[in-house]
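Take a look at the structure set out below.
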Amino acid sequence: MTTSEAVAGGEPLRIKARRQINDRAIQQLFIMPTLVLLILWNVFPLFYSLFLSFTQYSHSGKAPPVWIGTGNFDALLNDPKIWAAFAVTGRYALLSVLSQTLIGFGLALLLRAKFKANGLLTTLILIPMMLSPVIVGMFWRLIFNPLMGIFNYMIGFWNPTTAPIWLKDHALISVVIVDVWMWSPFVMLLCLSGLKAIPDYIYEAAEIDRASPWRQFWRITLPHVAPLLLLAVLFRTIEAFKAFDLVMGLTGGGPGNVTETVSVALYRMVFQGQARTGMASALAYVVLIVIIAVSNVYIWYLNKMKEA
Amino acid sequence: MASTRVEHAFSRVGPGFAVVESVRVDQITPRARLGITARLILSIIIAFVMLIPVLWMAMTAFKARPDATASPPKVIFVPSLDGFIGLFTNRTQLSAAALAEQQQRTDLNFWERQTLARGMRILGPSKFVSQLSNSLIIAISSTILAVTLGLLSAYAFSRYDIPGKRDWLFFILSTRMLPAVVVTIPIFLMYRAVGLYDTHVGMILLYTVFNLSFSVWLLKGFIDEIPIEYEEAALVDGYSRLQAFRKIVLPQCVTGIAATAVFCLIFAWNEYAFALMLTSEKARTAPPAIPANLGIGGIEWHVIAAGSMLFLIPVVIVTFALRQYLLRGVTFGAIRQ
C-alpha cells in the first residue's frame with residue numbers, strides 16, 4: 001500500500017532503498033524460525049551427546065556425568081556384541097538392498113510398457129512403501145506364524161509340523177523378506193521414472209540398426225536408468241543402516257540378538273536394563289559417523305542430479 | 001503373412017548381414033500385443049500378491065477371535081465386529097442376572113447391543129481411543145507448523161541470493177539423515193530437564209523439526225517452478241514483497257503445498273522411534289501402542305488387526321491421492337515426473 005502511494009508520489013530512489021531493507025528483513029524473518037528450530041533440536045543435542053559420549057553416565061541414576069575420556073569408545077571397540085550388531089546390520093543391508101534392487105528393477109521393466117490400468121497397478125504395488133513399518137512388522141508376525149500364518153501355506157509348506165519356523169530359525173531372513181516386500185516398490189518407482197525418460201527414438205534407431213533386445217538392454221536401458229538406480233541403492237543403504245522400526249515390530253531384535261541391528265542395540269542399551277547413557281552416546285556417535293559417510297555421498301549425488 | 005516376413009528379417013540380424021527388407025517399427029504386431037497381455041496379467045498377479053498381507057490384515061480385523069487364530073488359517077469366515085469392540089472399549093463380563101436385566105433396556109446404542117450379545121458390558125473407552133486422538137493431534141499440528149515454516153524458508157531460499165545458500169540447504173537436508181535413535185538420547189534428557197517429556201507440545205515440536213527439512217526441500221522445488229517474472233511484474237505494479245508472495249506465489253503452489261502437507265502428515269502419523277522413547281502415557285501415539293497390546297490376555301490378533309487397519313486405511317487412501325507426487329516426495333524433490 002505504502003509502496004504504491006510512494007510510486008504515485010514519484011520518489012523512486014527512496015522506494016528502492018526501502019525495498020532492499022524490507023527484503024533483508026523478509027529473508028531473516030522467513031529463514032530464522034527454521035534454522036533456530038533445527039539448531040535447537042538437532043545441532044545442540046548432537047553436541048550434548050558428544051559430551052556425554054566421553055562420560056560415564058546413567059540417566060536413571062542421580063549421579064552427574066563423570067568425564068572418563070575415550071573410555072566408552074575403547075570399551076565399545078572391544079565389545080564383541082557391538083561388532084555382532086554391526087555385522088547383523090551389514091548383512092541385513094547387503095541382502096535387502098541387493099534383493100530390492102533386482103526385484104524393483106524387474107518390476108519397473110515389467111510395468112514400463114503402456115498397457116491398460118498400468119497406472120492403477122503401479123499405485124497398488126506402491127502401497128506397502130507408505131505404511132507404518134512397525135505396524136507392518138508386527139502384523140507380519142501373524143503371517144509368519146507356523147500355525148496361524150499364511151506365509152508357509154503360500155510358499156507351499158502345507159504341513160505346519162515340517163514347515164520352517166521363520167521368526168525362530170531364519171529371523172534375519174524374515175526381516176529381509178518384509179523389508180524387500182516394503183521397499184522394492186521404492187526402487188521400482190525410481191527406475192520407472194528413469195525408464196520413462198528414455199526417448200522412444202533411441203529404441204527405434206536401435207531397431208533399425210538391428211540391435212538385439214539383449215544389446216538394447218545393456219547399451220540403452222541400463223545406462224539410462226543407472227543414475228536413478230544408484231540413487232535408489234544409496235537411499236536404501238542409508239535406510240538399512242538406520243533399520244529400527246521394522247525390526248522392533250517384527251522381532252524386537254530377537255531371538256536373543258540374532259536380528260539386533262545397531263539401532264536396536266542402541267535402544268536396548270539406553271532404555272532397557274542398566275541405562276548406560278554415556279556408553280550409548282558413544283555408540284550413537286560411531287553410528288553417526290558411518291551414516292554421515294554414506295549420506296554425504298547421497299547428498300553430493302542429489303546436488304549433482306539437480307544441476308544436470 | 002506380414003508377421004512371418006518380419007520375423008524372417010529379424011532372424012538374420014547384425015552387422016554381417018545385409019538389410020534385406022525394411023521393418024515397420026511403429027506397428028503393433030500380434031506378437032507384441034500378446035506380450036502386452038502377458039505383462040498385464042503378470043502385473044495383476046504381482047500386485048495381488050504384494051497386497052495379500054494388507055488384505056489379510058483387513059480380513060483378520062473382521063474375524064472373531066477363534067477364526068483369527070485358526071490353524072490352518074481361514075480364508076472364508078463369518079464377519080464379526082469383535083476386533084473393533086475389543087479395540088475401542090474396556091469391557092466386563094456380566095453375571096446371568098445382570099445380563100437379563102441389561103437385556104430389558106431399550107436405550108442401548110449399536111455398540112452396547114453388540115457387546116451385550118457377547119455377555120459383556122462396556123465400561124468405557126479403551127486407551128487406544130486416546131492414543132489414536134494423540135496421533136491425530138500431533139500429526140496435524142506438526143504438519144501445519146512444518147509446512148508453514150517450510151514454505152517461508154523455501155520461498156526465501158528460492159528467491160533470494162542468500163550467502164552460503166547451498167551450505168544452508170545442505171545442512172537442512174543433512175539433519176533429516178540422522179537416525180532417530182541417535183538424536184533421541186540427548187533430546188530425551190533435554191525434554192526431561194525442561195518438562196517436555198510425554199507432552200503433546202514436545203512431540204509436536206519434535207515432529208515439526210523432523211519434517212521441516214523435508215518440507216523446505218520439497219516446497220523449494222515447487223516454488224522454483226513458478227516463473228519469477230510473475231512476481232517481478234507484480235512488484236513493478238506496486239505490490240510489496242509480502243503481497244506478491246501472498247497473491248502470486250501462494251495460489252501458484254497450492255498443489256505443492258497440499259502434496260507436502262500430506263507427506264508430512266504420513267511421516268508424523270507413521271513415526272515410531274521418537275514416540276516410543278519420548279512418550280509413556282499421556283502423549284503416547286498409536287504406532288508404539290498397537291504392538292504393546294500384544295501382551296494383554298494372550299495375543300488378540302483380531303484386535304491388533306483392527307487397530308492396524310484403522311491406522312493404515314488413511315495412508316492407503318492418501319497414496320492414491322498422491323500418486324502423481326510420490327516420486328517427488330520420496331526423493332526430496334530431486335526428481336520431478
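A few points about this structure:
- R0 of 30 Å, Cβ-Cβ distance residue B:127-residue A:81: FRET efficiency to nearest 0.05: 0.30
- Gaussian network model of chain A, springs between alpha carbon atoms under 10 Å - residue of A:105, A:144, A:47 with greatest fluctuation: A:47
- Fraction of accessible area attributable to carbon and sulfur, chain B (%, probe 1.4 Å): 64 percent
- Here is what passes the span test in chain B: the DSSP H helices with alpha carbon length of 27 Å or more along the helix axis and a Kyte-Doolittle mean of -1.0 or above are B:30-61, B:127-159, B:200-224, B:301-322.
- Each part reduced to its alpha carbon centroid, the range A:138-189 and the range A:226-250 end up 19 Å apart.
- Around the Cα centre of the protein assembly as shown, unit charges on the Cβ atoms of Lys, Arg, Asp and Glu (plus for the first two, minus for the last two) sum to a dipole of about 380 debye.
- Each helix, a run of at least 4 DSSP H residues, gives -39500 (n - 2.57); summed and divided by the residues of chain B, these come to -21500 deg cm²/dmol at 222 nm.
- Equivalent ellipsoid, chain B (semi-axes from 5 times Cα gyration tensor eigenvalues, Å): 47, 38, 19
- Per-peptide average of other Cβ atoms within 10 Å, ordering A:186-195, B:230-239 highest first: A:186-195, B:230-239
- The orientation-averaged shadow of the Cα convex hull for the range B:65-212, equal to a quarter of the hull surface, comes to 16.3 nm².
- For residue A:55, the residues whose amide H sits under 5 Å from its own are A:68, ignoring neighbours fewer than 5 places away on the same chain, with H placed 1.01 Å from N.
- Toward the positive end of the charge dipole of the protein assembly as shown, with +1 on the Cβ of Lys and Arg and -1 on the Cβ of Asp and Glu, the farthest Cα among B:194, A:182, A:144 is that of A:144.
- Here residue A:275 and residue B:38 are evaluated by their C-beta separation; at R0 = 60 Å the FRET efficiency comes out at 0.55.
- Average other protein chain Cβ within 10 Å of Cβ, residues A:241-249: 4
- Computed over the range A:140-243, the Cα gyration tensor eigenvalues convert (square root of 5λ each) into semi-axes of 40, 18, 10 Å, ordered from largest to smallest.
- Note on residue B:63: lysines with a C-alpha under 24 Å away, same-chain residues under 8 apart excluded, are B:74, B:127.
- Shielding by partners - mean other protein chain Cβ count within 10 Å, residues of A:37-50: 6
- Across the range A:72-307, Cα-Cα pairs farther apart than 31 Å form 35% of the total.
- Rolling a 1.4 Å probe over the protein chains gives residue B:198 an accessible area of about 20 Å².
- Scaled radius of gyration (Cα, divided by 2.2 N^0.38 Å) that the protein assembly as shown gives: 1.11
- On full extension, the segment bounded by residue A:94 and residue A:289 gains 68.3 nm, given 0.36 nm per residue less the C-alpha separation.
- Given A:62/A:168; A:168/A:242; B:165/B:247; A:242/A:304; A:81/A:304; A:168/B:282, the pairs whose alpha carbons are separated by over 28 Å: A:62/A:168; A:81/A:304; A:168/B:282
- Span-like helix ranges in chain A, DSSP H, alpha carbon extent 30 angstrom or more, Kyte mean at least 0.5: A:80-111, A:171-196, A:277-307
- Taking every residue in B:207-215 and counting other chain Cβ atoms within 10 Å of its Cβ, the average works out to 3.
- Around the Cα centre of the range A:72-307, unit charges on the Cβ atoms of Lys, Arg, Asp and Glu (plus for the first two, minus for the last two) sum to a dipole of about 220 debye.
- Relative contact order (%) - the range B:122-229, alpha-carbon pairs under 8 angstrom, separation at least six: 52 percent
- Mean-position separation - Cα centroids, the range A:256-308 and the range B:168-233, in angstrom: 19 Å
- Net length available on complete extension from residue A:203 to residue A:23 is 59.7 nm, with 0.36 nm assigned per residue and the Cα-Cα distance removed.
- Normalised by 2.2 N^0.38 Å, with N the number of residues, the alpha-carbon radius of gyration of the range B:169-263 equals 1.46.
- Placing a pseudo-label 7 Å from each Cα along the Cα-to-Cβ vector at residue A:210 and residue A:58 gives an inter-label distance of 7.9 nm.
The values are calculated or read from the model by the stated rules, or taken from the named source; none is laboratory data. All values derive from a computational prediction rather than experimental measurement. Positions of Cβ are backbone-derived with ideal geometry, glycine not excepted, and every protein chain shown enters the neighbour counts. Quick note on the areas: whole protein, heavy atoms, side chains included, nothing else; ligands and nucleic acids left out. Shrake-Rupley method; radii C 1.70, N 1.55, O 1.52, S 1.80 Å.
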